[in-house]
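In what follows, a structure is listed as structure tokens, so that the remarks can point back to it.
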Amino acid sequence: MARIAGVNIPLNKRAEIGLTYIYGIGQSTAQDLLAQVGIDPNTQIKDCLLYTSPSPRDRTRYRMPCSA
């Protein structure tokens, strides 16, 4: 799954529909975003991904025990 803004988006969805999984993005906003970026709304999410960088929130929350 793709992860955008902390939301998992299924790879087999169309880009227009996949973006609506993010809170606050409806279908018209998704269409506007895709038009600005130049991606066809019918393209599947798995075909849109070029590079994903890990979010700082995705890091493990475990710390090494400190030696006192």
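The values are calculated or read from the model by the stated rules, or taken from the named source; none is laboratory data. Model, not experiment: these values are computed from the prediction. Methodologically, a virtual Cβ is constructed for each residue, glycine included, from the backbone with ideal geometry; neighbour enumeration extends over all protein chains shown.
Taking (1) surrounded by fewer than 14 Cβ atoms within 10 Å (Cβ to Cβ); (2) touching a helix residue (DSSP H, G or I) at 6+ places or on another chain (Cβ under 8 Å); (3) in a helix (DSSP H, G or I); (4) at pLDDT below 90 in turn, residue 29 satisfies each apart from (4).
On the stretch given as segment 5-16, residues that are among the β-branched types (Val, Ile, Thr) and either buried (at least 16 other Cβ atoms within 10 Å of the Cβ) or touching a strand residue (DSSP E or B) at 6+ places or on another chain (Cβ under 6 Å) (or both) total 1. Can you find even one residue in segment 19-26 that is modelled with pLDDT of 90 or more, surrounded by fewer than 12 Cβ atoms within 10 Å (Cβ to Cβ) and not in a loop (DSSP other than H, G, I, E, B)? The answer is no; no qualifying residue exists.
Could you look through segment 35-68, keep only residues that are closer than 18 Å to residue 7 by Cα and hydrophobic (A, V, I, L, M, F, W, C), and pick out the one that is modelled with the highest pLDDT? Residue satisfying both the conditions and the ranking: 45.
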